[in-house]
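Peer 1: For reference, the structure I am asking about is given below.
The values are calculated or read from the model by the stated rules, or taken from the named source; none is laboratory data. Just so we're clear, the structure is a prediction, and the values are computed from it rather than from any experiment. Please note: Cβ atoms are built from the backbone with ideal geometry, for glycine as well, and neighbour counts cover all protein chains shown. Quick note on the areas: whole protein, heavy atoms, side chains included, nothing else; ligands and nucleic acids left out. Shrake-Rupley method; radii C 1.70, N 1.55, O 1.52, S 1.80 Å.
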Amino acid sequence: MTDSPKPPDAVQVVQVMVSATPYARALGFEATAVGDGRVTMRTPYRKDLIGDPETGVIAGGVITALLDHVCGAAVMAAMKERQSIATLDLRIDYLRAAEPGRDIFAEAHCYKVTRSVAFVRAVAFEDSPENPVANATAAFMIASNGGRKMGANMKPPR
Amino acid sequence: MSAPSVTEAQLRERFLTVPFARFLDIDLDLRGDELTIVMPYREDLIGNVMLPALHGGTLGALLELVAVATLTLKQGHAHLPKTIDITIDYLRSGRPVDTYARAQVTRLGRRIASVRAEAWQFERSDPIAALNGHFLLTQADAS
C-alpha cells in the first residue's frame, strides 16, 4: 500500500515517466498512487491488447510491460536525484490468468537503492494485492545512460 | 529431431491473428524447424526517449511470444502452453530498429517445458535480451 508520505518531486517524476514514454502511452498506463519508493499503476482493459481471443484474457506481454514500467517508476520514486535507469533483469511469476474485462493494477516497491543498482518487488492484481495475477522481482541499473549523448542509439553498436 | 508438425500457416493463424500480436505488428518466418519472430520498429515501442531505446516490455512480450510459438511448433498441441514464470535479462539497450527473436526448447517434459529465447537486432551472436521460462503444457487429450 502507498501509505508513506508522497514527496512531490517523485509524483511529478512518475507522471512524466508515464506521459513521456511512448510505449506506456500506447498501452494506456496511468499512475494512480505515488509514495516514497512505491508506485501503483493501472492499465485499462482493451480489446486490442487481448492475448487469448477465446477467453478475452489480456496478453501476458501487457502485464510484463506494466510490471517493468511500475518497477522503474518505483526506482524513480526512491532515488534522491533524477537519473536514467534501465532494467537489468525482470522475473515474473504468472500465478493465474487475469480476469477478462477488468483493468489491471500493479504495485511496486523499490526496497533497496545502491549507487549502481536498485532492487524492486511488484505485484499485479485486479482488486487486491492479496489476490495477485502475477508477482515480479526486478533489478535496475542506475545512471544507465552513463555519458551517452542524446540520440546515441541512432547509430548501430560498434 | 522429427520435422515440425505445425506449418507456418498454422502458426500464423494461431499467433498473428491475436489482437496483441497485431498491436505489436509482429511477423513470423519459419525455415525448416527454425522459427524467427520479427518485431518491426515503430516509435510507439520506445521506453527511453533520450537514447532512444525500446521499452523492456516490448522485448519481454516478443521473447515470451517466440518461446510459446516455438513450443507449439515442437509439440503440435491443440492447446496453448501456459506461462508459469519468465526471467528476462536485458543485455543491451534496444535500438530504434527491427528486432528478431528465436527460442530453443531446453527441456520438454510431460507437463513442464523449459525454454530459452534470445532477441537481437544487428548480429545474431550479440543478443540484446534473453529469456528463460517455464511453461505448463496442456495435453489436448487431457482437457
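Peer 1: Whole number please: convex hull volume per residue of the Cα set in the stretch A:5-64, in Å³?
Peer 2: Per residue, the Cα convex hull of the stretch A:5-64 comes to 76 Å³.
Peer 1: May I ask for the accessible area buried between chains B and A, both sides summed, probe 1.4 Å, to the nearest 100 Å²? All intermediate terms of the calculation are to be shown ahead of the outcome.
Peer 2: On the way: alone 8110 and 9090 Å², together 14090 Å².
Buried area (both sides, nearest 100 Å²): 3100 Å².
Peer 1: Accessible area per residue for chain B in Å², computed with a 1.4 Å probe and the full protein assembly in place, what is it?
Peer 2: 46 Å²
Peer 1: May I pose another question? Apply the Kirkwood formula to chain A: the hydrodynamic radius equals the inverse of the mean of 1/r over all pairs of different alpha-carbon atoms; give it in Å with one decimal.
Peer 2: Over chain A, the inverse of the mean reciprocal pair distance is 16.0 Å.
Peer 1: Regarding chain B, what are the three Cα extents along the principal axes, ordered largest first, in Å?
Peer 2: Its Cα atoms span 51, 27, 26 Å along the three principal axes.
Peer 1: Given the pairs A:Lys80/A:Lys149; A:Lys112/A:Lys149; A:Lys47/A:Lys112, which are separated by over 31 angstrom at their Cα positions?
Peer 2: Beyond 31 Å: A:Lys47/A:Lys112.
Peer 1: Picking from B:Pro52, B:Pro19, B:Pro81, which is most flexible by a Gaussian network model of chain B using Cα springs under 10 Å?
Peer 2: B:Pro19
Peer 1: Mind checking the full-extension length gain between B:Thr106 and B:Glu13? Use 0.36 nm per residue of separation minus the Cα-Cα distance, one decimal, nm.
Peer 2: 30.9 nm
Peer 1: Please work out the C-alpha center-to-center distance from the stretch B:15-52 to the stretch A:55-119 and express it in whole Å.
Peer 2: Centre-to-centre (Cα) distance: 21 Å.
Peer 1: Taking chain A as a Gaussian network, Cα atoms linked when under 10 Å apart, which of A:Ala118, A:Ala26, A:Ala108 shows the biggest mean-square fluctuation?
Peer 2: Evaluated over chain A, the most mobile residue of the options is A:Ala26.
Peer 1: Using bins 10 angstrom wide from zero, how does P(r) for the protein assembly as shown break down, in % of all Cα pairs?
Peer 2: 6, 29, 36, 21, 7, 1, 0
Peer 1: Considering only protein heavy atoms, what per residue accessible area in square angstrom results for the stretch A:8-154 with a 1.4 angstrom probe?
Peer 2: 44 Å²
Peer 1: How large, in percent, is the carbon and sulfur part of the accessible surface of the protein assembly as shown at a probe radius of 1.4 Å? Don't skip to the end; give the middle numbers.
Peer 2: Working: 7060 of 14090 Å².
Summing carbon and sulfur atoms, their accessible area is 50 percent of the total for the protein assembly as shown.
Peer 1: About the Cα centre of the stretch A:8-154, how large is the charge dipole given +1 on each Lys and Arg Cβ and -1 on each Asp and Glu Cβ? Please answer in debye to the nearest 20. Intermediate values should be presented prior to the final figure.
Peer 2: Working: 15 positive and 16 negative charges, 142 e Å.
For this selection, approximately 680 debye.
Peer 1: I want to verify the translational diffusion coefficient of the stretch B:29-100 in µm²/s; compute it with Stokes-Einstein, Rh as the Kirkwood radius over Cα pairs, at 10 °C and 1.306 mPa s.
Peer 2: 117 µm²/s
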